[in-house]
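Peer 1: Here it is, the structure in full.
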Amino acid sequence: MRIVVTGGAGFIGSSFVNLLMNYRGKYDAIDVIVVDKMTYASNKESLPHDITLIEKDICDITKDDLGEVDYIVNFAAETHVDNSIFDGSPFMKTNIMGVFNLLEVAREMKHLQKFVQISTDEVYGDLNDLGNPTYHSKETDLLKPSSYYSASKASADQLVMSVGRTYNVPYLITRTCNNYGKRQHLEKFLPTVIQCIYEDIPIPLYGDGLQVREWIWVEDNVRIIFDLMISDIGIWNIGSGDRYTNKEILKYVGDLIGKPVNYLNTVDRLGHDRRYGLDCTKLHSYFGDELTTINLLEYLETELL
C-alpha cells in the first residue's frame with residue numbers, strides 16, 4: 001500500500017513513518033511518501049532512508065506530486081498555541097487551507113482507502129467551563145475551541161467531515177491528548193522541563209501551574225492511529241487516562257531527582273484552558289484488552305534516572 005504522510009518529518013509524523021517501516025513484511029508492501037515543508041519543527045534526521053521525501057507545503061501539493069495512493073495521513077500543522085496568539089495567520093493557512101487542498105487532492109484519487117486527519121483534544125475546549133469536574137470529552141461533543149490553533153484544527157475536522165458526506169471520501173479523525181517521547185521539539189513542556197533540569201535553570205510555569213492535561217506516549221499514539229487507519233472510519237478519541245497538573249509533574253520530577261525543581265511562575269497564557277481529558281470508551285470497547293499504553297511517570301523515571 002502507498003501511504004502519504006504529511007508533516008512526516010515532525011515529532012509525531014516521524015514516529016508514524018518509522019512505525020510504518022517497522023511494519024514492512026508484516027503487511028503488504030508499504031511504500032511511504034513523506035510531504036513536509038521542513039519548518040523549524042521538522043527534522044530530516046528523524047526519517048528512515050528508504051522513503052520518498054517531497055519538500056513542499058501542503059497548500060501547494062498536487063496529485064501529480066503524489067501519484068495514486070491508498071492513504072493520506074495528515075500530521076502537518078502549526079501547533080504551538082503561543083505562536084497562534086502572537087500571529088494566527090500561519091495557522092489559518094496551514095491548518096485550514098492546507099487541509100482543504102489535501103482534501104481536493106484526495107478527491108482526485110481513484111483508489112483512496114482513507115483520508116486520516118490528526119486532530120487534538122483542544123478542539124473540545126476547556127472542560128472547566130462545563131461545571132462538572134469528572135466529565136471527559138466525548139467524540140460527539142460540541143467543539144468549543146479557545147485559541148486560533150484549536151479553532152483552526154476544529155475547522156479542519158469540519159472540512160474532513162463535509163468532504164466525507166458530500167463526496168463520499170472515507171475518513172478517520174483522531175483526537176489525541178498531549179504526546180511525549182523521543183525527538184520532541186524543545187518548545188514543548190516535557191522537553192523544556194528535562195532540559196532545564198540538566199542545565200540547572202528555572203522551569204517556566206504558566207500561572208499557578210494547575211492546568212490539567214492528559215498525556216500519551218507518542219509510540220502508543222501512532223500505533224493506535226495505524227490500527228484504526230487500516231480498520232475503521234469516523235472520529236476517535238485517543239487517550240491514556242494519565243491526567244496531571246503541571247505542578248504535579250514538577251513535584252514528581254523533583255521526587256525522582258531528590259530535590260525540589262526550580263520553577264519560575266510566568267504570566268499565564270491568554271485564554272488558557274484549565275482542563276482537558278478524553279473519554280476513550282469507544283476506543284476501549286473497540287480494542288478491548290489489546291489496548292495498552294505506558295504511564296507518563298514511568299517514562300519520566302527512565303528519562304531522568
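Peer 1: ASP60 is checked against (1) assigned to a helix (DSSP H, G or I); (2) closer than 22 Å to TYR149 by Cα; (3) among the acidic types (Asp, Glu) and fails just one. What number does that condition carry?
Peer 2: Only one criterion is unmet by ASP60, namely (1).
Peer 1: From the set of residues in region 53-106 that are of a type in the set (D, E, K, R), under 21 Å from the mean Cα position of the chain (by Cα) and loosely packed, with under 15 Cβ neighbours inside 10 Å, which is farthest from ALA41 (Cα to Cα)? I'd like the intermediate steps shown before the answer.
Peer 2: If we filter region 53-106 for residues that are of a type in the set (D, E, K, R), which is where we start, we get 55-57, 60, 63-65, 68, 70, 78, 82, 87, 93, 104.
The next check asks that each one be under 21 Å from the mean Cα position of the chain (by Cα); those that pass are 55-57, 78, 82, 87, 93.
Imposing the further condition that a residue be loosely packed, with under 15 Cβ neighbours inside 10 Å reduces the set to 55, 82, 87.
Numbers: GLU55: 14, ASP82: 15, ASP87: 17 Å.
That would be ASP87.
Peer 1: Still on this structure, I have one more. Just to be sure, is GLY209 in a helix (DSSP H, G or I) and at positive phi?
Peer 2: Details: in a helix (DSSP H, G or I): no; at positive phi: yes.
No.
One line per residue, one yes/no per condition, for (1) closer than 22 Å to ILE173 by Cβ; (2) of a type outside the set (D, E, K, R); (3) outside any strand (DSSP E or B):
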{"residue": "ASP232", "(1), (2), (3)": "yes, no, yes"}
{"residue": "TRP236", "(1), (2), (3)": "yes, yes, no"}
{"residue": "LEU264", "(1), (2), (3)": "no, yes, no"}
{"residue": "HIS284", "(1), (2), (3)": "yes, yes, yes"}
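Peer 1: Here's a follow-up. Scan (1) assigned to a loop (DSSP other than H, G, I, E, B); (2) farther than 30 Å from VAL267 by Cα for the single condition ALA106 breaks and write down its number.
Peer 2: (1)
Peer 1: Consider ILE224 carefully, then state whether it is surrounded by fewer than 18 Cβ atoms within 10 Å (Cβ to Cβ), among the aliphatic types (A, V, I, L, M) and in contact (Cβ under 8 Å) with a residue 40 or more places away in the chain.
Peer 2: Details: surrounded by fewer than 18 Cβ atoms within 10 Å (Cβ to Cβ): no; among the aliphatic types (A, V, I, L, M): yes; in contact (Cβ under 8 Å) with a residue 40 or more places away in the chain: yes.
No.
Peer 1: Another question, then. Please go through (1) surrounded by 15 or more Cβ atoms within 10 Å (Cβ to Cβ); (2) not in a strand (DSSP E or B) for ASN132 and return the number of the only condition it doesn't satisfy.
Peer 2: Against the list (1) surrounded by 15 or more Cβ atoms within 10 Å (Cβ to Cβ); (2) not in a strand (DSSP E or B), ASN132 comes up short only on (1).
Peer 1: Filter region 148-181 down to the residues that are touching a Phe, Trp or Tyr at 6+ places or on another chain (Cβ under 9 Å) and in a loop (DSSP other than H, G, I, E, B) and list them by number.
Peer 2: Within region 148-181, VAL169, PRO170, CYS177, GLY181 meet the criteria.
Peer 1: Of these, SER119, SER146, which one is of a type in the set (Ser, Thr, Tyr), within 19 Å of the chain's Cα centre (by Cα) and surrounded by fewer than 22 Cβ atoms within 10 Å (Cβ to Cβ)?
Peer 2: On the way: SER119 fails: surrounded by fewer than 22 Cβ atoms within 10 Å (Cβ to Cβ).
SER146 is the lone residue from the list that is of a type in the set (Ser, Thr, Tyr), within 19 Å of the chain's Cα centre (by Cα) and surrounded by fewer than 22 Cβ atoms within 10 Å (Cβ to Cβ).
FYI, it's all coordinate maths here, none of it is from the lab. Given the structure is predicted, the values throughout are model-derived calculations rather than measurements. When we count neighbours, we look across all protein chains shown, and the Cβ atoms used for this are built from the backbone with ideal geometry, even at glycine.
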